[in-house]
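Peer 1: Below: one structure in structure tokens.
The values are calculated or read from the model by the stated rules, or taken from the named source; none is laboratory data. Please read all numbers here as calculations on a predicted model, not as lab measurements. So basically every Cβ, Gly included, is an ideal-geometry build from the backbone, and we count neighbours across all protein chains shown. Just the protein is used for accessible areas: all its heavy atoms, side chains included, with ligands, DNA and RNA removed. Shrake-Rupley method; radii C 1.70, N 1.55, O 1.52, S 1.80 Å.
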Amino acid sequence: MEARLTEIDRGEMLRYLLWQGGAIPEEVDAALRRGEERLRETAQPRAVWRVFDYRPGEPLGGTAYIPEGEDVRAFLADCDQVILLAVTLGAGPDLLQRRLRLHDMSGALILDAAGSAAVENVCDNLCADLAAAFAPRHLTDRFSPGYGDLPLNQQRWFFSLLDINRRLGVSLTESGLMVPQKTVTALVGVSDREQPKRPTGCESCALAERCAFRKEGKRCGT
């Protein structure tokens, strides 16, 4: 299943940049377009995923991994399978962003926002492809380590079970953050019943005030 970048949502970019609304000046619009172009020139989207049998409180089928936390248990209440996935834009955007920080900080910030919007688009496309592949069954939304009460240290299980370092070229820091930074891991439940959509974003997360991602100026991707 191919990782596809089809759109860089301008509204998402502006949200990451904390734009307060109103008309966008011509020079800002040009800078945003340049950021989008830079992102497309440097990004190399890749993805990996696996499906496992799931029973609440038990390890995923064939593994020793038990997804922790009451939030994820409720999230998967109607599910008997779980998909673990990882998506990355590759090292290119990170490398360019570091260079831009030396002489064009605004360009670096815009590229970062474009990358955040882009990796969300790749995740959305992958989940749409998975939904089509699993039909007529239904998928939940994504749920990432570090969101709600699913511990960030559970990233190590995703890296082990999906072989992320070898297959995607992504490494995991001691604090649980991923390099390249425009990388998302998540779990998705599979059910026979249509699943309700849940609130997303930092504002709806119980860990928003002490989130390791937010301290680094990033998001968990959920």
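Peer 1: Which one is surrounded by the fewest Cβ atoms within 10 Å (Cβ to Cβ), of the residues in the stretch 181-198 that are in contact with a helix residue (DSSP H, G or I) (Cβ under 8 Å, 6 or more places away or on another chain) and in a loop (DSSP other than H, G, I, E, B)?
Peer 2: Among residues in the stretch 181-198 that are in contact with a helix residue (DSSP H, G or I) (Cβ under 8 Å, 6 or more places away or on another chain) and in a loop (DSSP other than H, G, I, E, B), the one surrounded by the fewest Cβ atoms within 10 Å (Cβ to Cβ) is 198.
Peer 1: Another question, if that's okay. For the stretch 46-155, please list each of the helices (runs of 4 or more DSSP H) lying entirely inside it that holds at least 1 residues being hydroxyl-bearing (Ser, Thr, Tyr) and under 18 Å from the mean Cα position of the chain (by Cα).
Peer 2: The helices (runs of 4 or more DSSP H) meeting that bar are 105-134.
Peer 1: Say whether the condition of being at pLDDT below 95, surrounded by fewer than 18 Cβ atoms within 10 Å (Cβ to Cβ) and in contact with a strand residue (DSSP E or B) (Cβ under 9 Å, 6 or more places away or on another chain) is met by at least one residue in the stretch 73-94.
Peer 2: The answer is yes; a qualifying residue exists.
Peer 1: Could you list, in sequence order, the residues of the stretch 95-131 that are surrounded by fewer than 18 Cβ atoms within 10 Å (Cβ to Cβ) and of a type in the set (Asp, Glu)?
Peer 2: Those that are surrounded by fewer than 18 Cβ atoms within 10 Å (Cβ to Cβ) and of a type in the set (Asp, Glu): 104, 124, 129.
Peer 1: Going through 16, 54 one at a time, which residue ends up being surrounded by 14 or more Cβ atoms within 10 Å (Cβ to Cβ), under 21 Å from residue 129 (Cβ atoms) and among the aromatic types (Phe, Trp, Tyr)?
Peer 2: After applying the criteria, what remains is 54.
Peer 1: Continuing with the same structure: With the structure loaded, tell me whether residue 38 is part of a loop (DSSP other than H, G, I, E, B), in contact with a helix residue (DSSP H, G or I) (Cβ under 7 Å, 6 or more places away or on another chain) and at pLDDT 95 or above or whether it fails that test.
Peer 2: no
Peer 1: Oh, and also: Looking only at the stretch 156-180, which residues are part of a loop (DSSP other than H, G, I, E, B), at pLDDT 95 or above and of a type outside the set (D, E, K, R)?
Peer 2: Scanning the stretch 156-180 gives 169, 170, 180.
Peer 1: Right, something else. Can you pull out every residue in the stretch 165-179 that is open to solvent by less than 30 Å² (accessible area, probe 1.4 Å) and over 17 Å from residue 143 (Cβ atoms)?
Peer 2: If the condition is that a residue be open to solvent by less than 30 Å² (accessible area, probe 1.4 Å) and over 17 Å from residue 143 (Cβ atoms), then 168, 170, 177 are the ones that fit.
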